[in-house]
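**Q** Quick one: structure below, then a few questions.
The values are calculated or read from the model by the stated rules, or taken from the named source; none is laboratory data. Only a predicted model underlies this, so the values are computations on that prediction, with no experimental measurement involved. For neighbour counting, all protein chains shown are included, and Cβ atoms are generated from backbone atoms with ideal geometry for every residue, glycine included. With ligands, DNA and RNA removed, areas are computed over all heavy atoms of the protein, side chains included. Shrake-Rupley method; radii C 1.70, N 1.55, O 1.52, S 1.80 Å.
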Amino acid sequence: MIGKLTGIILEKNPPEILLEVNSIGYEVLCPMSSFYAMGEKKQLSLYTHLSIKEGAHTLYGFISKDEKTLFRELIRVNGVGPKVALAILSHLDIVSLMNAVANEDDVLLTKTPGIGKKTAKKLIVELKDRLEKLELNSQNHQNIKTNPNTNSNIKQASAALQALGFKAKESERMLAIINNKTLSTEDIIRLALKNK
């Protein structure tokens, strides 16, 4: 297996780069998060995952080992192939993805192209326990737990606010200052509308 490559970037055509390593050019598919982290670098090290399917050997590359680890967890989910996993990591950074799974935020996951409601729910069910036990290298990604303010009433209130026309981020902001977990969904909505 090819686990890591270090070389010179010859071409960048998102989501693909051409990386020259010892006079050999490797075509590597990368999530957009890796492209942003590359910046204008000419020399690059990538953690890689080699996918072998009938008629194709495809290399996927990641700036960090944590991204590669998450990619491998994603492709273990039934129905999620490497291309969909790449799209998820392009759409969500590591912290956002782990928080979305921990807080069962299927709405955020469905904003990724190719992810429907059914797949989003499957990702949450299959990844929740695995991601909690996952050992990541960066301190920023460790110990991500369920948000204590997230309960079923808050989630229902968020869905109701979005049905009323508020954007997801706007409804999150409105609900963020409500920390009384004993309130009913209706009371939460009433308070959130006052916070508007």
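**Q** If you check every pair at least six apart or on different chains, which have Cβ atoms under 9 Å apart with a residue in segment 34-52 that is closer than 14 Å to PRO15 by Cβ first and a residue that is of a type in the set (Asp, Glu) second?
**A** SER34/GLU67
**Q** Here's another thing I want to ask about it. All but one of (1) closer than 26 Å to ASP129 by Cβ; (2) part of a helix (DSSP H, G or I); (3) touching a residue at least 24 places away in the same chain (Cβ under 8 Å); (4) out of contact with any strand residue (DSSP E or B) (no Cβ under 9 Å at 6 or more places or on another chain) hold for VAL80; which doesn't?
**A** (2)
**Q** Please specify each residue of segment 21-50 satisfying the condition of being among the hydroxyl-bearing types (Ser, Thr, Tyr) and open to solvent by 20 Å² or more (accessible area, probe 1.4 Å).
**A** SER23, TYR26, SER33, TYR36, SER45, TYR47
**Q** Still on this model: Taking segment 53-80 as the search range and keeping residues that are modelled with pLDDT under 90 and more than 20 Å from VAL107 (Cα to Cα), which one is surrounded by the most Cβ atoms within 10 Å (Cβ to Cβ)?
**A** LYS53
**Q** What about PHE62, is it of a type outside the set (S, T, N, Q) and touching a Phe, Trp or Tyr at 6+ places or on another chain (Cβ under 7 Å)?
**A** yes
Every residue, every condition in (1) over 16 Å from the mean Cα position of the chain (by Cα); (2) within 30 Å of LYS121 (Cβ to Cβ), yes or no:
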residue	(1), (2)
GLY7	yes, no
GLU11	yes, no
GLU16	yes, no
PRO31	no, yes
LYS42	yes, no
SER45	yes, no
SER51	yes, yes
LEU74	no, yes
VAL80	no, yes
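**Q** Within the bounds of segment 59-69, is there any residue that is closer than 16 Å to LYS4 by Cβ, in a loop (DSSP other than H, G, I, E, B) and of a type in the set (Val, Ile, Thr)?
**A** Checked against the condition, which is being closer than 16 Å to LYS4 by Cβ, in a loop (DSSP other than H, G, I, E, B) and of a type in the set (Val, Ile, Thr), segment 59-69 yields at least one hit.
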